[in-house]
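Participant: I'd like to ask some things about the structure below.
Throughout, read-outs are computed from the coordinates displayed, never taken from laboratory work. In this text the structure is predicted, and so the values were computed from the model without any measurement. Note that each Cβ is placed from the backbone with ideal geometry, even for glycine, and that neighbours are counted across all protein chains shown.
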Amino acid sequence: MKIYIAGKISGLPKAEYTAKFLQAELALSAAGWEPVNPCSFGIPEDTPSAIALLTCIPELEKCQAIYMLNDWRDSLGARIELSTAMHERMDIYFEEDHTMEVMKKLKEEVA
């Protein structure tokens, strides 16, 4: 099942947000999910959020679930992605509530 990773990117150093998203990607993959990491879309670092979302939203819509990193509330883009996921009736998981152990059990249940 494809799961989109959402969280704060804008305003953070590239090394910080790419490491955070990669860590989530690897953990979700190890838990049995097929993670979709927006940092892998090739969007230039200085791209305004509104323009980046033109790439991100279509990729999100190809997924069945979204995983909201702890800092999602600090990101307008992540909040828009959450709203899109709600509109598309996707499964929604929050890092603060869904540890990787929980995510692994959930994946086993939906498989």
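Participant: Work out the length of the dipole vector of the chain about its Cα centre, built from +1 on the beta-carbon of each Lys and Arg and -1 on the beta-carbon of each Asp and Glu, and round it to the nearest 20 debye.
Facilitator: Roughly 80 debye, rounded to the nearest 20.
Participant: I would also like to ask the following. So how far, in whole Å, is the C-alpha centre of region 33-111 from the one of region 1-31?
Facilitator: 9 Å
Participant: Mind checking which lysines have their Cα closer than 22 Å to the Cα of Lys105? Skip sequence neighbours fewer than 8 apart in that chain.
Facilitator: Counting by Cα, and skipping residues close in sequence, Lys105 has these lysines nearby: Lys2.
Participant: Count neighbours as other Cβ atoms within 10 Å of each site's Cβ, and list the chymotrypsin sites (Phe, Trp or Tyr not before Pro) in region 31-105 that are DSSP loop with at most 13 such neighbours.
Facilitator: The qualifying sites are Phe41.
Participant: Another one. With n ≥ 4 as the cut-off for DSSP H runs, can you work out [θ] at 222 nm for the chain, using -39500 (n - 2.57) per run divided by the number of residues, rounded to the nearest 500?
Facilitator: -15000 deg cm²/dmol
Participant: Next up: Starting from the 7 Å offset along Cα-to-Cβ, what nm value, one decimal, do you get for the label separation of Asp46 and Ser83?
Facilitator: Result: 2.8 nm between the two label points.
Participant: Near Lys20, which lysines are there with a Cα under 16 Å away, not counting those fewer than 8 places off in the same chain?
Facilitator: Lys8
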